Structures are given as structure tokens and as C-alpha cells.
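Here's the structure we're looking at; comments come further down.
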Amino acid sequence: MKKFYFVMAALVVASLVITACGGGASSNAFKVGQVTDLGGIDDKSFNATAYAGVEKAVAELGVEGKYLESTQQADYAKNIQQFLDEDTDLIITVGFLLGVDTATAAKANPDTMFAIVDYAYPDCWEGAVEGKDCGSTTEISNVLGLTFSTDQAGFLAGYAAAASTQTGKVATFGGINLPTVNIFMKGYEAGVNYYNAQKGTNVEVLGWSTEAGDGSFTGNFDSLDDGRSFAESFVQEGADIIMPVAGPVGLGSAAYCQESGSCKIIGVDTDWTVSASEYSDIILTSVLKNMNVAVYDAIKAAQSGDFAGGVYVGTLANNGVGIANVAGASDELKSELDAIKQGIIDGTISAQ
Amino acid sequence: MSNTTTPAPETGKKEKKSSSIWQELLVPVLAVVTGLILGAIVIVMSGENPFRAYGALFAGSFGSPVDFFEGIRIYFTTGETAALIKAIYPFTESLVTATPYIFAGLSVAIGFRCGLFNIGAEGQFFIGALSSAFVGYSIKGLPMIIHLPLAISAGILGGALWGMIPGYLKARFGAHEVVNTIMMNWIAFRLSDWLLNGPMKASGFRPVTPNVEASAELPRFFSDPLRFNLGFFLALLAAYLVYWFLFKTTLGFEIRSVGANPDAAKYAGMNIIRNFVLVMFISGGLAGMAGASQVLGVDHWVGQGFSAGYGFDAIALALLGKSHPAGVVLAALLFGFLRSGATDMQSMARIPVDIISIVQGMIIVFIAAPDIIRWFYRIRTAKKEETVLTRGWGS
């Protein structure tokens with residue numbers, strides 16, 4: 001028992017020390033805090049990309065950056081509140097699930113700047129209750145919504161897919177039929193159709209129809225098994241290129257393609273030859289959604305006092321979206337993609 | 001098992017009883033302490049300062065007494081409540097986090113008492129939450145006194161029915177409840193995926209349910225951002241009711257008898273099948289109530305990732321609390337304070353929330369293998385005591 005009392009005594013002393021040195025000094029640096037959604041900070045997608053922008057700002061702008069991970073939806077409001085209590089200057093929230101809590105906190109704290117990835121205000125529809133069903137009926141002056149025209153980049157990917165397919169069929173599927181998901185698929189389909197119109201071919205798109213507004217969805221963003229089985233059934237239907245817009249679910253598709261050798265994958269959000277490099281050999285290209293660029297720009301503007309609420313739209317023109325290297329692309333295809341990119345920027349080609 | 005249950009009305013036995021409570025508490029308390037110490041070692045290995053980390057954990061779960069008295073002073077001198085709210089926020093948030101833990105822990109504990117291992121609390125939690133949400137948002141115009149109990153009952157019933165299915169399968173066909181409750185979890189998760197994307201989806205594009213009506217919300221005691229609500233007291237009430245049911249009623253005695261020795265119970269004329277089904281019904285109902293308290297008291301809507309694994313943590317809670325309602329409440333408070341304080345720890349000391357899972361995991365290892373603790377702290381084994389958790393196939 002002696003040892004036991006010793007341990008107890010040591011703990012009492014330790015707890016006194018702990019209470020004494022709680023708190024901690026805060027510096028005068030510009031403070032940035034990111035609240036992740038459920039994927040966590042190392043999701044290799046969404047939250048990680050946004051935080052890459054924060055880290056760049058820490059390195060280059062000398063801001064103080066930190067993050068709080070949400071493990072359940074009740075954490076959203078709590079994590080935002082934590083940053084408010086710490087007098088954080090700019091709070092970055094990630095994803096539509098934080099849409100309502102972000103708006104509510106922003107309205108209650110008009111002196112704090114907010115940026116929300118993949119969301120924008122106003123977001124209320126007819127009959128929705130502000131602060132419950134939706135965030136705000138108007139723009140909020142201290143919130144910048146960071147949105148992305150991924151259809152523009154998806155268009156390029158669709159064109160590249162149509163140019164690369166051997167079977168004449170290309171496929172895509174999503175996690176959940178959300179605007180931020182199906183916008184990839186809309187651009188993809190439009191890109192394939194553009195290729196058909198230019199080349200007189202008849203490449204078919206499986207898994208999405210803009211006309212119907214619906215397609216193939218796994219219903220979740222976490223089941224790798226779903227990714228595998230969706231890829232398998234698309235291959236059975238004759239497709240040889242697949243664009244999964246479902247976060248890590250796509251890794252299941254990539255694993256299937258690599259094992260069977262019967263299909264190629266178009267990555268989304270980040271360059272998958274980097275973020276999922278084990279599948280590099282079957283990655284055709286990736287649709288880049290440069291959330292890091294948008295977040296970095298927002299921090300820079302906030303720090304220098306140029307912050308303005310409203311909506312930021314990432315496009316091909318401002319490098320907010322883009323397309324990664326197309327594996328095995330001919331010089332002809334490369335120059336065509338460059339020309340189309342220019343056309344979309346000029347507005348001569350419509351991406352939807 | 002019966003030694004912990006006999007009430008001691010005679011005052012002469014009081015001292016003996018309190019010393020046995022201390023005996024009961026010794027291993028869990030030491031397990032927690034050891035878990036925290038080992039957690040500190042992990043923090044050191046990751047290059048951080050454990051004092052700073054646990055300091056932030058402590059401040060994040062209890063708040064600072066200095067801030068509290070300052071808040072009271074400001075309130076009485078100026079009438080300004082902001083500082084006071086900020087001071088009590090950490091403590092109330094910890095209680096809010098503990099609330100679903102209490103219900104879910106009771107759910108698994110009552111199963112253990114009957115020798116049933118309910119791994120399905122997570123699924124029952126989801127079904128309970130969805131049922132409550134549905135009644136909460138779809139019925140409009142009712143007064144709170146009718147609507148709130150109705151929404152709570154829906155959550156209990158939803159979870160109870162979800163739990164009763166594996167209970168029935170076990171009783172009728174001898175199908176092991178561990179396998180079946182896990183399978184029921186997966187059905188619940190995918191069912192909720194479908195419901196949130198289809199029939200229960202709010203208008204707008206987000207795959208979440210509509211907000212419940214104000215008349216179905218569990219009343220909160222303070223204004224925003226304090227989320228402390230009636231759910232916590234309902235959880236304490238539930239713990240008392242479970243205690244009363246298990247130890248003061250004939251049915252509870254039957255359940256404990258079946259758990260201790262099903263063959264003897266059967267020989268004594270007790271209906272094993274009925275008890276299995278009944279316990280899984282109650283167990284599921286408590287897990288469903290955990291979901292109901294979370295949706296009606298805290299979130300007011302259900303989306304994907306609604307639970308942070310309450311149903312799975314509940315297994316640990318029941319073990320830590322030795323399947324006794326009072327023990328479960330204490331264990332749930334501990335987990336609530338750890339989880340809630342982790343936010344501060346993450347922010348102030350930059351320790352990932354995952355460290356809490358490591359600490360919790362180690363606590364559970366020590367509870368499951370108490371001999372490690374006894375050996376480490378040189379505690380003599382007082383008496384050989386065997387707790388029946390679950391039984392094998394077909395028993």
C-alpha cells in the first residue's frame with residue numbers, strides 16, 4: 001500500500017502544478033482556427049487540403065494557426081465557441097454540415113471574421129427557419145463563403161477521359177447527391193459531350209445525367225467497400241475510366257482498378273498521384289479543388305485588413321480549381337485541353 | 001454478485017459496508033489513474049508537455065474557479081452575465097457530454113446483469129435518435145407537455161424494438177446476441193444513410209433531418225451557448241430506476257439470477273426466454289433514450305456522424321462501473337469530463353483528441369484485467385469475485 005500512497009501523493013502535487021500552469025500566455029499574432037468536419041484533419045481530402053492553406057499562412061505570413069477536430073455534430077458549435085473564447089481573429093469552418101452553426105456564431109460575434117469552405121450565404125429556402133434549418137437569409141458581412149466551380153475542372157477531366165477511353169464508356173459516381181458533389185459530375189458529363197461534338201464520337205457517360213439531375217450515389221462518404229463494388233459494376237457495364245466523387249470511398253475503386261487492371265481512376269479534390277500515390281499507376285488525372293489556395297488567400301486578406309464577407313468562387317482563371325497532369329496524354333490532347341481551359345476562362349465554352 | 005446487492009439497514013454494518021465500497025472503487029480508480037499516467041507518457045513521446053496537456057484538460061472540463069468567482073462578482077456588481085456564462089460553460093458542457101454516456105452505459109450494464117453482451121447500443125442509439133427526431137419534427141402544434149414525452153417515448157420504443165430483435169433471436173433460436181447486435185448496428189447505420197438521403201431529409205440540399213419543433217426540445221436551463229438541459233436529470237432518474245428495478249423488484253432479481261446462473265434460474269422456474277427478450281428490450285430502450293436525449297436536448301437534428309461512438313464507449317462504461325447503475329453514472333461522468341475537456345486540450349496544448357481514446361482504451365484494459373493493477377500497486381486480492389459478463393454460444 002505504501003507505493004499506492006506515494007502515487008497518490010505524487011498525483012496531488014502534480015494536479016496542483018497542473019492547475020497553476022493552466023491557461024498559458026497568448027501572443028499578439030494574428031490567430032487563425034480551423035474547425036474540421038467529421039473527416040478529421042488527416043482525411044487526405046477536404047479538411048487536410050484546407051488546413052494546408054492554414055499551414056502555408058503560418059509559414060509565410062507569421063500567423064498563429066491551429067485546428068479543432070469534430071468527432072460528432074454536437075462538436076461543431078462547441079469547437080467554434082472554443083475559438084471564440086480564445087479571441088481567434090479568423091475562424092475557418094469546413095463543410096456544409098457546419099453551415100448553420102457558423103452563421104449563428106458569426107451573427108452573434110460580428111467582430112470575428114469567418115470563412116466557410118464549400119458553403120455560402122444566403123442559404124435559406126422558402127419556409128426555412130433561419131438559425132435552425134438554414135444559416136442566414138442574407139449575406140453575412142463577416143463571413144466569406146469559399147465555393148468552387150469544379151464543373152470547369154470536371155469538364156477538362158471529362159474531355160480527357162473521353163479522349164483516353166478504349167471501350168467508349170466512362171463512368172462517375174458520388175457520395176451523396178449534394179450540389180458540391182454533383183457539380184463535378186455535371187462538368188464531367190459536359191466535357192464528354194463536348195468531346196463527342198468535336199470529334200464525332202459517341203462516348204457514353206455512366207453514373208450521372210445532368211438532364212435527370214441524378215445518378216449513382218453510394219449514400220455515404222466512408223465505405224471503401226461501396227467504392228469497390230461500384231467500380232466493379234461499372235466495369236461490367238463496359239466502362240474503363242471512373243471518377244469517384246466520394247472522398248475516401250474512391251480509394252476502394254482505385255484498389256479494385258489496380259487489382260483487376262481493367263480501369264483507370266480520375267481523382268478528385270487533390271492530386272491523387274501525390275495523396276494516394278500507391279495507386280499512381282492507375283490514376284488518369286485528378287480534378288483539383290484548391291481549397292488550400294482559397295483558404296490562404298482568405299487568411300492573407302483577413303490579416304492585412306482587406307477581408308470582406310460574401311462569396312469567393314474558385315475558377316480555372318484564379319487557380320481555385322484545375323486539373324492535374326493527364327497520364328500518357330499525347331501532345332495533341334495537351335494542347336486541346338489548354339485551348340479548352342482558355343475557352344472556359346474566356347467564356348466561349350460553357351462548362352455545364 | 002449478491003454481496004454487492006444486499007441492503008444494509010442495520011447501522012452496525014455501516015462501517016463494514018463503506019469499506020467494501022472502497023474496495024470496489026479501488027481498482028477502477030487506480031485503473032483511471034494509471035491510464036492517465038500512461039497517457040502522459042504517450043504525450044511526452046509525441047514531444048508535448050503532459051502537465052500543460054492535462055492542465056488544459058482539467059480547465060476544459062471543470063472550468064477555472066477563479067473565473068467562476070470573478071463571474072459571480074461581475075454579475076452581482078453590474079448584472080452582466082457574459083463572464084459567468086463563460087465560466088460555467090466548461091462544466092455544463094461536460095455534463096452535457098456525460099448525459100448520453102449515462103443512458104448508453106446503463107443500457108449495456110443491464111445486459112451484463114442478465115449475462116447478455118449488447119454490442120448493439122450504437123445502432124439502438126441511432127434508431128432512437130431517428131425515431132425521436134421524426135416525432136419531433138413531423139408533428140406540429142402540440143403543447144410541450146404532450147409533444148416532448150411523445151418524442152422521448154418514440155426514441156425509447158425505437159431503440160427497444162431494435163434491441164428486442166436480437167434478444168428474441170437469442171431466446172427463440174439460440175443465435176448469439178454478440179453477432180446479431182453487431183449486424184443490427186450495420187443495418188441501423190445504412191438505414192439511417194438511406195433515411196437521411198430520402199424519406200427523412202429536410203428540404204434544402206443537406207442530408208439531415210429537419211429541426212425538431214421547439215415543443216419537442218428538452219428544456220435548457222440557461223441561454224446560448226450553454227446547452228445544459230433536462231436530459232442530464234432524466235439520465236440520473238433513469239440510473240435510479242434501473243437500480244430500483246434490478247435490486248428491488250422480483251423481475252430484477254430474476255434477471256440477475258439468469259445472469260448469474262441460467263441453469264439454476266431455469267430450475268427455479270424462471271422463464272429464461274422471457275428474461276432475455278425483456279432485458280434486450282430495456283437495454284435497447286435505454287440506448288434509444290441516449291439518442292433521444294442527444295437529439296432533443298443538444299443537436300435538435302440528426303445528420304451523418306450523429307454519434308461519436310457512444311454505444312461502443314458504453315461497453316467500457318458498463319465494465320468500468322461494474323454494471324452497477326451508480327458505478328455507470330460515475331464512469332459516464334468521467335468519460336464526459338475527459339471528452340469535453342479534450343477540446344481545450346486540443347486547442348491549448350495541441351494534443352489531438354485521439355489521446356483521450358488512448359487513455360480510455362488503457363483504462364478498459366486495466367478494468368478487464370484487474371490483476372495488472374493489483375500486481376502493480378501490490379494490492380492483495382480481498383476475495384475471489386467473478387462477474388458474469390456474457391456467456392458462450394447457445395447457453
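The values are calculated or read from the model by the stated rules, or taken from the named source; none is laboratory data. Only a predicted model underlies this, so the values are computations on that prediction, with no experimental measurement involved. Glycine gets a Cβ as well: all are built from the backbone with ideal geometry, and neighbour counts include every protein chain shown. Only protein heavy atoms, including side chains, enter the accessible area calculation; ligands, DNA and RNA are left aside. Shrake-Rupley method; radii C 1.70, N 1.55, O 1.52, S 1.80 Å.
Key figures for this structure:
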item	result
Conditions (1) within 30 Å of residue A:143 (Cβ to Cβ); (2) under 21 Å from the mean Cα position of the chain (by Cα); number of the one not met by residue A:304	(2)
Pair list, Cβ under 7 Å, 6 or more apart: the stretch B:205-226 residue facing chain A (nearest Cβ under 8 Å), other residue surrounded by 20 or more Cβ atoms within 10 Å (Cβ to Cβ) and among the aromatic types (Phe, Trp, Tyr)	B:206/A:96; B:208/B:301; B:210/B:137; B:210/B:301; B:211/B:137; B:211/B:301; B:225/B:89
Residue match in the stretch A:128-148 (condition: among the aromatic types (Phe, Trp, Tyr) and closer than 18 Å to residue A:327 by Cα)	no
Answer from A:164, A:149 - the residue that is buried (at least 22 other Cβ atoms within 10 Å of the Cβ) and in contact (Cβ under 8 Å) with a residue 40 or more places away in the chain	A:149
Residues within the stretch B:212-232 that are in contact with a His (Cβ under 8 Å, 6 or more places away or on another chain) and either of a type in the set (Gly, Ala, Ser) or open to solvent by 20 Å² or more (accessible area, probe 1.4 Å) (or both), tallied	4
Given (1) assigned by TED's automatic domain parsing to the domain that holds residue A:303; (2) open to solvent by 10 Å² or more (accessible area, probe 1.4 Å), number of the condition residue A:94 does not satisfy	(2)
Selection status of residue B:137, touching a residue at least 60 places away in the same chain (Cβ under 8 Å), touching a Pro at 6+ places or on another chain (Cβ under 8 Å) and aromatic (Phe, Trp, Tyr)	yes
Leading residue by the ranking (nearest to the other protein chains (Cβ to nearest Cβ)) among those in the stretch A:134-144 that are surrounded by fewer than 24 Cβ atoms within 10 Å (Cβ to Cβ) and of a type outside the set (S, T, N, Q)	A:134
First in the stretch B:238-252 and touching a residue at least 12 places away in the same chain (Cβ under 8 Å), second anywhere and open to solvent by less than 70 Å² (accessible area, probe 1.4 Å) and not in a helix (DSSP H, G or I), Cβ under 6 Å, 6 or more apart	B:247/B:5
Selection status of residue B:194, open to solvent by 10 Å² or more (accessible area, probe 1.4 Å), at pLDDT below 95, out of contact with any helix residue (DSSP H, G or I) (no Cβ under 9 Å at 6 or more places or on another chain) and not in a loop (DSSP other than H, G, I, E, B)	yes
Every pair of residues 6+ apart whose Cβ atoms lie under 9 Å, when the first sits in the stretch A:263-280 and is on the phi > 0 side of the Ramachandran plot while the second is in a helix (DSSP H, G or I) and open to solvent by less than 10 Å² (accessible area, probe 1.4 Å)	A:269/A:150; A:269/A:291
Candidates A:85, A:111, A:75, A:118 - the one that is among the charged types (D, E, K, R), open to solvent by less than 30 Å² (accessible area, probe 1.4 Å) and either farther than 17 Å from residue A:289 by Cα or not assigned by TED's automatic domain parsing to the domain that holds residue A:300 (or both)	A:75
Residue list for the stretch B:28-44, restricted to those being open to solvent by less than 40 Å² (accessible area, probe 1.4 Å), among the hydrophobic types (A, V, I, L, M, F, W, C) and within 26 Å of residue B:326 (Cβ to Cβ)	B:30, B:31, B:32, B:33
Output for the stretch A:318-336, where each listed residue is crowded, with 16+ Cβ neighbours inside 10 Å and at pLDDT 90 or above	A:320, A:321, A:322, A:323, A:324, A:326, A:336
In the stretch B:235-253, residue farthest from the other protein chains (Cβ to nearest Cβ) [restricted to those that are part of a helix (DSSP H, G or I) and either surrounded by 21 or more Cβ atoms within 10 Å (Cβ to Cβ) or among the hydroxyl-bearing types (Ser, Thr, Tyr) (or both)]	B:250
Residue under evaluation residue A:198, criteria (1) in a helix (DSSP H, G or I); (2) open to solvent by 60 Å² or more (accessible area, probe 1.4 Å); (3) within 14 Å of another protein chain (Cβ to nearest Cβ), criterion not met	(3)
Helices (runs of 4 or more DSSP H) contained in the stretch B:26-117 and holding at least 2 residues more than 12 Å from chain A (Cβ to nearest Cβ) and in contact with a helix residue (DSSP H, G or I) (Cβ under 9 Å, 6 or more places away or on another chain)	B:65-78, B:82-113
Matching residues, the stretch A:266-306, being of a type outside the set (Val, Ile, Thr), farther than 21 Å from residue A:248 by Cβ and buried (at least 19 other Cβ atoms within 10 Å of the Cβ)	A:294, A:296, A:297, A:298, A:302, A:303
Matching residues in the stretch B:338-365 - criterion: being more than 14 Å from chain A (Cβ to nearest Cβ) and crowded, with 19+ Cβ neighbours inside 10 Å	B:359, B:362, B:363
Cβ pairs under 7 Å, 6+ apart, first in the stretch A:320-331 and outside the structural domain of residue A:188 (by TED's automatic domain parsing), second surrounded by 22 or more Cβ atoms within 10 Å (Cβ to Cβ) and at pLDDT below 90	none
Flag for residue B:53 being more than 27 Å from the chain's Cα centre (by Cα) and either β-branched (Val, Ile, Thr) or modelled with pLDDT of 80 or more (or both)	no
Residue identified as modelled with pLDDT of 90 or more and touching a Cys at 6+ places or on another chain (Cβ under 9 Å) among B:276, B:281	B:276
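Table: residues versus (1) under 23 Å from residue B:192 (Cα atoms); (2) in the same structural domain as residue A:174 (by TED's automatic domain parsing); (3) at pLDDT 95 or above.
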residue: A:192; (1), (2), (3): no, yes, yes
residue: A:198; (1), (2), (3): no, yes, no
residue: A:212; (1), (2), (3): no, yes, no
residue: A:217; (1), (2), (3): yes, yes, no
residue: A:221; (1), (2), (3): yes, yes, no
residue: A:226; (1), (2), (3): yes, yes, no
residue: A:240; (1), (2), (3): no, yes, no
residue: A:245; (1), (2), (3): yes, yes, no
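Conditions (1) assigned to a loop (DSSP other than H, G, I, E, B); (2) within 12 Å of another protein chain (Cβ to nearest Cβ); (3) of a type in the set (Val, Ile, Thr), marked per residue:
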| residue | (1), (2), (3) |
| --- | --- |
| A:99 | no, yes, no |
| A:102 | no, no, yes |
| A:105 | no, yes, no |
| A:111 | yes, no, no |
| A:114 | no, no, no |
| A:121 | yes, no, no |
| A:126 | yes, yes, no |
| A:132 | yes, yes, no |
